[in-house]
Every structure is written in C-alpha cells, then in structure tokens.
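Student: Supplied in structure tokens, the structure appears directly below.
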Amino acid sequence: MRKWSKIVSLAFIVITCLMCIVGCDASNPVYVNDTPPIDVNVLPNPLPVTNPVGGSVDVNVTGGAVSATIPTPVPVQQSVTIDANNSSNANVNAGNTFTGTATSTLGVVGIQVTLKTDQDCTVYVDQSPTDGITPYWDITDTYNYVSSLGGASWTVQAVNSYVRVRVTNISALNTTYFRLQTVLCP
C-alpha cells in the first residue's frame, strides 16, 4: 500500500507543478528559483513520469487542464515459510545446545530468527554450500541473547545454499520455556 501512496504523491506533485506552469500568465510569469516557466507546448503529451515501483504514470496536458492516469495496483504475495528444521519449543538444559538441521536457502533472501526463553543463550546462524554427510558451515553469524531483555530477533542475509540454527544455553539453569522460530523469506 505504501508504494501506491508514493505513486499517487508523485502524480499529485507532477500535476500540481504542471498546473502552475499551465496557469502562468505570460505577461506576469512566475519564476521558481530564478528559473523561467516551461513552455508547455514543447512538452510531450502525454508526459511520461517514472513510477517509483516500476512502469509509468501518464500526465496529460490539454487546453490548460492537467490529468493523470495511474495504473491499477497489482497485489504482491510472498511465500514466507517457517523452517521446522530450525525451530523448536523443547527446553534446553544448562550448557547444552539445540542444533537444527540443514535447510535449503535457494530462492531465499532473508533468514529471520526469533527467540524467547528465560535463560541467557548464544544464537548461531550457520550457512553452508552443502548439506551432505560433511556440510561445511563456513559462515556463522553469532548473537547474544540476554533473557532479562525479553524476546529477540535477528535477520540474516542468505548468502549460501543451506542454513542451520544453533542455540547454546550459557546459563547455569535449564530453560523452563524455549521458543525458537526460524522463518525463510524469499
């Protein structure tokens, strides 16, 4: 919805500017920043205006009237999916680690991880080019989860073919609740 409001705003600005140009009296021209008015007779009609979300908006100047044609919005749908391999609500004992399993990130741009638990933890988002017998977890993003601050979330750019999430309980106590969710965003 925000993109379409930008298009409408852009069209409104263009229409307002052209109305000022068209409505100028030649005997008493209006100058903006010491720039003389534009001769509307030399502008293409319709005047194409680049749309911030692609395509264009046609602005028509006819006999001193200005109008614009704004394309109909097209709904966009993303297929955001929960990664069950790297999500869990099973408690983690003190000093132990939840380790997810490799999930393909082909076609994924962002990896979103959220955690809510009652113990301090270290969260690792590992990425590998392989998922076979010997995955190479070449890239690891590490985050500190501080339980006293409440739930936390991180978004990591998918830069390799597979991801797994690990969470280590670094406190002296077992978790009494543990909510980890990983979401893959195209």
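Just so you know, all these numbers are worked out from the coordinates, no wet-lab data involved. From a predicted model like this one, the values you see are computed outputs, not experimental measurements. Glycine gets a Cβ as well: all are built from the backbone with ideal geometry, and neighbour counts include every protein chain shown.
Student: Put a dot 7 Å past each Cα toward the Cβ at Cys185 and Thr142; how far apart are the dots in nm?
Tutor: 2.5
Student: Work out how much length Ala84 to Thr134 would gain on full extension: take 0.36 nm times their residue separation and subtract the Cα-Cα distance, in nm to one decimal. Could the numbers behind the result be given before it?
Tutor: Working: separation 50, 0.36 × 50 = 18.00 nm, distance 2.12 nm.
Working it through step by step, the gained length comes to 15.9 nm.
Student: Amide H of Val92 versus every other amide H placed in the peptide plane: which residues, excluding those fewer than 5 positions away on the same chain, fall under 5 Å?
Tutor: Here the answer is Thr175, since their amide H atoms fall under 5 Å of that of Val92.
Student: Using the Karplus equation 6.51 cos²θ - 1.76 cosθ + 1.60 (θ = phi - 60°), what ³J(HN,Hα) coupling, rounded to whole Hz, does each residue of segment 169-174 give in order, writing x for Gly and Pro?
Tutor: Karplus values, whole Hz, x for Gly and Pro: 7, 9, 8, 8, 10, 6.
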